[in-house]
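Encoded as structure tokens, the structure appears first; notes follow it.
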Amino acid sequence: MEQAARCTTDCCGASCMVSEGGPERPAAVTHPDLAALVSVQLRSGDGPIPAALERGEPVDSADLLREERWPAYRAMALDSGVRSSVTIPFRRSGLTVTLSLYSFRPGALEDAPHGPARALGDLAVTCLVRDRSYRAALTELDQLGAALRTRPVVDQACGIVMHVLGCDADAAFGVLRRVSQATQRKLSDVASAVVDTRGRGLERELVSLSD
């Protein structure tokens with residue numbers, strides 16, 4: 001974001017917002033005064049950022065002094081000395097990032113959507129998508145590791161249930177799962193309790209849940 005602002009002629013600052021389809025839309029700015037320009041658009045649902053999100057293409061205002069759209073955004077921008085702005089949306093794999101550039105001069109950002117800011121935005125979104133995929137893969141690995149760690153105790157519990165009920169492995173696992181759902185406990189915790197007690201005292205409950 002800061003690099004995009006530095007690489008764009010006559011740009012006085014930039015803001016960036018990330019949207020993944022949910023209500024949360026984290027944003028960052030190069031100067032504290034620009035945070036209010038982002039907030040007023042999110043509150044009102046009116047401005048270049050909402051317009052760019054809706055259209056999926058750059059939205060600009062060459063001169064906010066002559067602009068007739070977005071009255072709340074326009075007033076706040078002019079109060080901050082901003083005369084022109086452009087918002088460029090980037091979409092990848094369900095992730096949308098908007099890069100907004102601002103200038104104290106009118107007509108200064110007309111070429112921004114085709115300049116270095118575009119390339120930097122593409123690179124940033126690609127990195128965000130890769131980071132999200134990496135974090136998702138780590139979460140999946142953690143879940144797989146937890147499943148592998150609990151599998152032996154679940155297998156032991158299934159064996160005990162098979163012995164008590166005289167059923168097969170699939171039926172025994174189904175009983176454990178129903179106990180888990182009925183008691184709102186993790187399957188691994190139910191299995192541990194069965195193993196710890198060797199099924200003693202659970203015969204009647206197991207039989208009732210096997211029906």
Problem set entry | Accessible area in square angstrom per residue, segment 9-48, 1.4 angstrom probe | 52
Seminar exercise, completed: A 1.4 Å probe over the protein heavy atoms gives the chain a carbon and sulfur accessible-area percentage of 51
Problem set entry | Between helix 187-197 and the chain: long-axis angle, C-alpha atoms, 0 to 90°, nearest 10 | 30
For this session: Please list 77-86, 189-198 highest first by mean number of surrounding beta-carbon atoms within 10 Å per residue.
Result: 77-86, 189-198
Exercise. Under unit Cβ charges (Lys, Arg +1; Asp, Glu -1), what dipole magnitude, rounded to 20 debye, does segment 1-88 have relative to its Cα centre?
Worked result: 80
For this session: May I ask you to rank PHE90, PHE104, PHE173 by accessible area, largest first, using a 1.4 Å probe over the protein chains only?
Result: PHE104, PHE173, PHE90
Problem set entry | Degrees, to the nearest 10: 116-165 long Cα axis against longest axis of the chain | 10
Exercise. When the dipole is taken about the Cα centre of segment 58-125, and only Lys, Arg (+1) and Asp, Glu (-1) are charged at their Cβ, what size is it in debye, to the nearest 20?
Worked result: 160
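The values are calculated or read from the model by the stated rules, or taken from the named source; none is laboratory data. Because the structure is a prediction, the values reported are computed rather than measured. In this analysis, Cβ positions are derived from the backbone assuming ideal geometry, glycine residues included, and neighbour counts consider all displayed protein chains. Please note that ligands, DNA and RNA were not included when accessible areas were found on the heavy atoms of the full protein model with its side chains. Shrake-Rupley method; radii C 1.70, N 1.55, O 1.52, S 1.80 Å.
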